[in-house]
Ligand code: GLU
Ligand code: ZN
């Protein structure tokens, strides 16, 4: 790469940050990092009616959560209107753009006609041929013109780094509006001005923008500017192969965060939505992603958002051996969800409990849920578990729990080894299978039928709580 790489994302701040934008951001970020380039955030907020600062802030926050850091910006297009104005004037002077006085009514009528004749609607260049007198008369009536780019005859080809050469006949490209009659410039116009002024070398963005790219390329040509490289990223579809829906991944980053997905897992997962390093390597750190990322390996075919895969991947990250990291990710999550743990829940306890619990969880929300028996005295007993492990033979179960409790009282030390030893001895004496005691004990002390190994649970809970819970269980569930 001869020029220093400069890339950007240019989101419109009109809603929450979604998977598609997050993926575009990630690819641009990885590409910039890989080539020692610069990654820019530009907020495309010229549409004042739809843009909000909350949304712009949410985009910045979402990228921050993912650890996708930008080097320049955020630039706000709404603060650059004076710059755009100068370039409009230039286009008019050079004859590449013209004033259009057409009323919305006229345009709507033309569009209707086109529809009736089953042809695609293109602006008919009506205002291109206005005489000076006609123009003067519109001006005298106070009609504010829009400004359209004059698309010459011919065809345009641009080279896409993912899709190869793409050609379009100019008769299929509209003399698009660069500045609306209210003076607000349009996306296709300002995007080119800014990409040029900000010296973008590569434009990596969603495939939906290919038809816009022709308009933009023609604008670069009108100005006589160099055209950046384009790479249009594949669509992201739901598992049903349709547009992403709520059930299939069309959630905001904030929602994924709330469900307890880890930023590292999310980044890893997003990276594979349309790209792969080759082979079957799937779990990759950020450093590996930067190292392996290349535009050549971006797919042309649609990506499918596979929720199960995300869950699996998040589980893999939760199980990673770094307890320190897990602890801070969990605490960060609690904070983001405004959850405070009881004060007696120490970092020391969490460092012991989290790895055990994470082993069986897919998300931080599940981790939190599994912590419940250790944080609260208000156990809720799993109904099916009670049916299966207690009600079939309540008197025998109660008696076994009473005996085990006695053994636990007598232990000189209370930990996972001693509690296990005590249980093994007791079942041998009683001549019963281990499950006949293990299942009811788990149910009695955690309220649940699944969780970390029982004796780890007992140690985590501590003797007092275990004894208390064993004592009340039978009477409690019998009521
Ligand atoms: N504002 C456009 C969008 O959010 C930017 C597209 C582009 O990257 O040029 O889709
Ligand atoms: Zn017109």
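The values are calculated or read from the model by the stated rules, or taken from the named source; none is laboratory data. In this text, all values refer to a predicted model and were calculated from it rather than measured experimentally. Quick reminder, even Gly has a Cβ in these numbers, built from the backbone with ideal geometry, and neighbours come from all protein chains shown.
For (1) without any contact (Cβ under 8 Å) to a residue 60 or more places away in the chain; (2) touching a strand residue (DSSP E or B) at 6+ places or on another chain (Cβ under 6 Å), each residue gets a yes or a no:
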site: 155; (1), (2): yes, yes
site: 160; (1), (2): no, yes
site: 164; (1), (2): yes, no
site: 169; (1), (2): yes, yes
site: 184; (1), (2): no, no
site: 200; (1), (2): no, yes
site: 204; (1), (2): no, yes
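Filtered by the rule that a residue be within 22 Å of residue 379 (Cα to Cα) and either buried (at least 17 other Cβ atoms within 10 Å of the Cβ) or touching a strand residue (DSSP E or B) at 6+ places or on another chain (Cβ under 7 Å) (or both), the stretch 415-437 gives 419, 437. Inside the stretch 356-365, residues that are assigned to a helix (DSSP H, G or I) and more than 23 Å from residue 67 (Cβ to Cβ) make up a count of 2.
Taken over the stretch 389-420, residues that are at pLDDT 95 or above, over 18 Å from residue 472 (Cα atoms) and within 49 Å of the chain's Cα centre (by Cα) amount to 8. Residue 468 meets all of the listed conditions (1) over 44 Å from the mean Cα position of the chain (by Cα); (2) farther than 26 Å from residue 361 by Cα; (3) touching a residue at least 12 places away in the same chain (Cβ under 8 Å) but one, namely (3).
Results for (1) surrounded by 15 or more Cβ atoms within 10 Å (Cβ to Cβ); (2) under 17 Å from residue 451 (Cα atoms), shown as yes or no for each residue.
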position	(1), (2)
376	no, yes
389	yes, yes
400	yes, no
413	no, no
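Among the residues of the stretch 116-136, those that are outside any loop (DSSP other than H, G, I, E, B) and either within 49 Å of the chain's Cα centre (by Cα) or near ligand 2 (Cβ under 8 Å from one of its atoms) (or both) comprise 116, 126, 127, 128, 129.
Looking at this structure, is residue 113 more than 30 Å from residue 45 (Cβ to Cβ) and assigned to a loop (DSSP other than H, G, I, E, B)? Break it down into steps so the answer makes sense when it comes.
Values: more than 30 Å from residue 45 (Cβ to Cβ): yes; assigned to a loop (DSSP other than H, G, I, E, B): no.
Considered against the rule, which asks whether it is more than 30 Å from residue 45 (Cβ to Cβ) and assigned to a loop (DSSP other than H, G, I, E, B), residue 113 comes out as no.
Restricting attention to the stretch 96-107, the residues that are out of contact with any helix residue (DSSP H, G or I) (no Cβ under 9 Å at 6 or more places or on another chain) and under 17 Å from residue 176 (Cβ atoms) add up to 2. Restricting attention to the stretch 283-326, which residues are under 18 Å from the mean Cα position of the chain (by Cα), surrounded by fewer than 17 Cβ atoms within 10 Å (Cβ to Cβ) and more than 14 Å from residue 261 (Cβ to Cβ)? If the condition is that a residue be under 18 Å from the mean Cα position of the chain (by Cα), surrounded by fewer than 17 Cβ atoms within 10 Å (Cβ to Cβ) and more than 14 Å from residue 261 (Cβ to Cβ), then 283, 285, 302 are the ones that fit. Give me the pairs, please: first residue somewhere in the stretch 79-104 and more than 23 Å from residue 124 (Cα to Cα), second residue anywhere and surrounded by 19 or more Cβ atoms within 10 Å (Cβ to Cβ) and modelled with pLDDT under 95, beta-carbon distance under 9 Å, and either six or more positions apart or on two chains. Qualifying pairs under 9 Å: 80/46; 81/46; 84/46. Applying the set (1) surrounded by fewer than 22 Cβ atoms within 10 Å (Cβ to Cβ); (2) farther than 21 Å from residue 189 by Cα; (3) over 17 Å from the mean Cα position of the chain (by Cα) to residue 16 leaves exactly one unmet item: (3). Residues that are part of a helix (DSSP H, G or I) and more than 20 Å from residue 460 (Cβ to Cβ) within the stretch 334-349 comprise 335, 336, listed in sequence order.
Residue-level analysis places residue 204 outside the set of residues that are crowded, with 20+ Cβ neighbours inside 10 Å, away from ligand 2 (no atom under 16 Å from the Cβ) and assigned to a loop (DSSP other than H, G, I, E, B).
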